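Here the structure comes first, spelled out in structure tokens, and everything after it is commentary.
The values are calculated or read from the model by the stated rules, or taken from the named source; none is laboratory data. This structure is a prediction, so every number in the text was calculated from the model and none was measured. All Cβ positions, glycine included, derive from the backbone under ideal geometry; neighbour counts span all protein chains shown.
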There are 2 protein chains.
Amino acid sequence: MYNKSAKWYQKSGTQGDVVISTRVRLARNLSSVPFPAGLSAERRNEVTQRTREALKESDRAGDYDFLEMENMETRDALSMVERHLISPEFSKCDKGSAMLLKKDESVSVMINEEDHLRIQVMRPGLDLDEAYKIADEIDTLLDEKLKFAFDDRLGYLTQCPSNLGTGMRASIMLHLPALHERGAIQQLANTVSKLGLTIRGLYGEGSKPEGAIYQLSNQVTLGISEQAAIENLKGIAAQIIREERAGREQLRRNPRFEDMVWRSLGLLQTARLLSHDEFMTLISNLRVGVALGIVEGISLDTLSGLISDAQPATIMAAARKDMEPAQRDVERASMVRSRLTRTGELS
Amino acid sequence: MYNKSAKWYQKSGTQGDVVISTRVRLARNLSSVPFPAGLSAERRNEVTQRTREALKESDRAGDYDFLEMENMETRDALSMVERHLISPEFSKCDKGSAMLLKKDESVSVMINEEDHLRIQVMRPGLDLDEAYKIADEIDTLLDEKLKFAFDDRLGYLTQCPSNLGTGMRASIMLHLPALHERGAIQQLANTVSKLGLTIRGLYGEGSKPEGAIYQLSNQVTLGISEQAAIENLKGIAAQIIREERAGREQLRRNPRFEDMVWRSLGLLQTARLLSHDEFMTLISNLRVGVALGIVEGISLDTLSGLISDAQPATIMAAARKDMEPAQRDVERASMVRSRLTRTGELS
């Protein structure tokens, strides 16, 4: 599932030099139904239909598409994973699993993932308050019809105890080339873990930090309000952003760094074959160069769109066909060239 | 000594895809004067003045500058070596050594190098007949006034026996990326040496083949006419050109090769620091891409001019100041960017 109309991730937002995007996810379950793992296909389907109906009765229904996982091409499901619209586990789900997807892809609701519902809201840049506000509205809207499982002492009940309480995972995607370059991420990870947060690679736990992109998210959901968790995350994020910016100012003084930024642009504008790994390295170099004003005439929005669209399955989803890696490298290089030539003026 | 008016090497010529340039050099000595090595400063000066006078009396005088080596900045002398206008040995000469240089730099006469005169003619592309014709005219013109040492049996007399006879060294500068890539140059060197020729790097004996550029020249000067030596060189050159072109057609079929050509252009168009070694590698890749029509909108002339002007001392000569290597790398990158942006359209 990929279409070319405007998407949330084609925009950059507040603190966009360092923060690529914000995501808030709420885990919710229907009080009257066991968790999905223990459900028959029939009852899973009941959850799906009830959720769909709940949305249909609201004035928001027209903004959303309803997508059944059993009807989704594998490449489309994988592309959704790449764009953080669904979890890797959910991409493998079949009969009885479905999703509601807002047309600009800023909101997705996975139905019958680990929990009955995973409501997810994404925003460009650092925008935790707005992301939570939107998630909360949808939560309230669906709760009215579906009656979510809630315990006065424990909060929202979830399949995995690690989500009990708020059921909220708030995360921000950070571009940290200077801290990465300095080898400062491990120490940062140790520090934030003591503060109830976690920092990890682009695709979550255990994934490597492609293009120096990291996810910072809250870990604690129990005994803390959503607002307190968000304030905590905001505070730590502000400090990381300050450190990253200071590191970038140091990089800027090194002529070899400026050279590397421009060379990365040159390779992106001319290469005929681009692996995803190389692309991520080059676009990361270019992104920090654009953020620092070294390269002008190319927007962070263009780069955000590229980071999303150059991913392997997303390339295949856009082309509506499966491809060998070598074919994707040709397609990726072609897409990158056309987007960076259209927008950019070489100095 | 460097000025920006049109020079012979800013053009490409016949077989320009493979042959960058042609050079013919004649070693001559005045019959009445011992070889330079045995001369007092006074007598060396006499040779210089007589040569200068001989040219002055001709209708060609206005085309030439007279340059005394003792008055030449070191960077200007080294730039002339880089542009093959004088020999490395001659660049170190001082009092009593001088040169006549045609304003388009296509003809140079070194006075009091190893021999009294070294007449040298350069032409773009493969142009041995014309280069020899021009050299022969100047030879005749100067011989009338200066009376060159000539023996009916040995031919022209020269300081080093290896030049006895015609005193002629004819050479062509070849761009051989496909043969270089294939590791075929050593075998080629063995073959041509059996045919009285030699092949070596850009700056002569023992120099490394920067940018896959090689010099092919005749070795034999005794017992052979100039015409026969030139025909021999032409025959071998034709065969090397055929092999190189066949090799390029094979390269063209490899997508990684096309990718490398484009990436080389991208780096040249964007880098802020370019060492001479890297420049030569990249320009070699680009040159074969232009010759094969992969890259359009950039001429071989532009590349020939760059190959000449991006050399270390030539960069300093153009800027009229000495520079550290790191400064030259900045200057080189800047020059390369401006020339490749001005002419080229990216596809």
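If I filter the stretch A:234-245 for residues that are touching a helix residue (DSSP H, G or I) at 6+ places or on another chain (Cβ under 9 Å), more than 14 Å from every other protein chain (Cβ to nearest Cβ), among the small types (Gly, Ala, Ser) and in contact (Cβ under 8 Å) with a residue 40 or more places away in the chain, do I get at least one hit? There is at least one residue in the stretch A:234-245 that is touching a helix residue (DSSP H, G or I) at 6+ places or on another chain (Cβ under 9 Å), more than 14 Å from every other protein chain (Cβ to nearest Cβ), among the small types (Gly, Ala, Ser) and in contact (Cβ under 8 Å) with a residue 40 or more places away in the chain.
Any residue at all in the stretch A:235-251 that's surrounded by 17 or more Cβ atoms within 10 Å (Cβ to Cβ) and under 30 Å from residue B:286 (Cβ atoms)? Yes.
So is residue B:220 surrounded by 23 or more Cβ atoms within 10 Å (Cβ to Cβ), under 20 Å from the mean Cα position of the chain (by Cα), more than 14 Å from chain A (Cβ to nearest Cβ) and of a type outside the set (S, T, N, Q) or not? Taking the combined requirement at face value, the residue does not satisfy it.
With respect to (1) touching a strand residue (DSSP E or B) at 6+ places or on another chain (Cβ under 9 Å); (2) closer than 25 Å to residue B:219 by Cβ, the lone exception for residue B:102 is condition (2).
Screening residue A:287 on (1) over 25 Å from the mean Cα position of the chain (by Cα); (2) closer than 30 Å to residue B:255 by Cα shows it passes everything except condition (1).
Checking each residue in the stretch B:285-304 for being free of Cβ contacts under 8 Å to residues at least 40 places away in the same chain and surrounded by fewer than 19 Cβ atoms within 10 Å (Cβ to Cβ) picks out only B:293. Here residue A:162 clears all of (1) assigned to a helix (DSSP H, G or I); (2) farther than 26 Å from residue A:112 by Cα except the condition numbered (2). In the set A:92, A:103, A:56, which member is over 30 Å from residue A:243 (Cβ atoms), basic (Lys, Arg) and in contact with a helix residue (DSSP H, G or I) (Cβ under 7 Å, 6 or more places away or on another chain)? Going through A:92, A:103, A:56 in turn, just one is over 30 Å from residue A:243 (Cβ atoms), basic (Lys, Arg) and in contact with a helix residue (DSSP H, G or I) (Cβ under 7 Å, 6 or more places away or on another chain): A:103. Scanning the stretch B:174-191 for residues that are in contact (Cβ under 8 Å) with a residue 60 or more places away in the chain and either part of a helix (DSSP H, G or I) or among the β-branched types (Val, Ile, Thr) (or both) gives B:177, B:178, B:179, B:181.
When the stretch B:218-247 is filtered for residues that are β-branched (Val, Ile, Thr) and either outside any helix (DSSP H, G or I) or outside the structural domain of residue B:170 (by TED's automatic domain parsing) (or both), the ones remaining, listed by number, are B:220, B:221, B:224. Counting only residues that are of a type outside the set (D, E, K, R), without any contact (Cβ under 8 Å) to a residue 40 or more places away in the chain and surrounded by fewer than 18 Cβ atoms within 10 Å (Cβ to Cβ), the stretch A:48-73 holds 5 of them. Restricting the stretch B:32-47 to residues that are aliphatic (A, V, I, L, M) and closer than 16 Å to residue B:147 by Cα leaves a set whose member that is surrounded by the most Cβ atoms within 10 Å (Cβ to Cβ) is B:47. Residues of the stretch B:49-72 that are in a loop (DSSP other than H, G, I, E, B) and under 23 Å from the mean Cα position of the chain (by Cα): B:60, B:72.
Going by what's in this entry, would residue A:130 be described as buried (at least 23 other Cβ atoms within 10 Å of the Cβ) and outside any strand (DSSP E or B)? So residue A:130 does not fit the description; no.
If you go through the stretch A:99-127 and pick out every residue that is part of a loop (DSSP other than H, G, I, E, B) and more than 11 Å from residue A:22 (Cβ to Cβ), you end up with 8. Among residues of the stretch A:82-94 that are assigned by TED's automatic domain parsing to the domain that holds residue A:117, those with a Cβ under 9 angstrom from a residue that is among the basic types (Lys, Arg), sequence gap 6+ or separate chain, pair up as A:83/A:7; A:84/A:23; A:86/A:118; A:87/A:118; A:90/A:118.
Scanning the stretch A:183-220 for residues that are out of contact with any Pro (no Cβ under 8 Å at 6 or more places or on another chain), over 15 Å from residue A:239 (Cβ atoms), modelled with pLDDT of 90 or more and among the aliphatic types (A, V, I, L, M) yields a single hit, A:213. Inside the stretch B:261-284, can you point out the residues that are closer than 23 Å to residue A:256 by Cα and more than 9 Å from chain A (Cβ to nearest Cβ)? If the condition is that a residue be closer than 23 Å to residue A:256 by Cα and more than 9 Å from chain A (Cβ to nearest Cβ), then B:275, B:276, B:277, B:278, B:279, B:280, B:281, B:282, B:283 are the ones that fit. If you take the residues in the stretch A:246-255 that are more than 7 Å from chain B (Cβ to nearest Cβ) and of a type outside the set (S, T, N, Q), which one is farthest from the chain's Cα centre (by Cα)? Ranking the candidates gives A:253 first. Exactly one residue among A:125, A:96 is over 17 Å from residue A:58 (Cα atoms), surrounded by fewer than 23 Cβ atoms within 10 Å (Cβ to Cβ) and touching a Lys or Arg at 6+ places or on another chain (Cβ under 7 Å), and that residue is A:96. Restricted to the stretch B:322-338, and to residues there that are within 11 Å of chain A (Cβ to nearest Cβ) and charged (D, E, K, R), the residue that is surrounded by the most Cβ atoms within 10 Å (Cβ to Cβ) is B:329. Within the stretch B:104-124, the set of residues being of a type in the set (S, T, N, Q) and free of Cβ contacts under 8 Å to residues at least 40 places away in the same chain comprises just one member, B:108.
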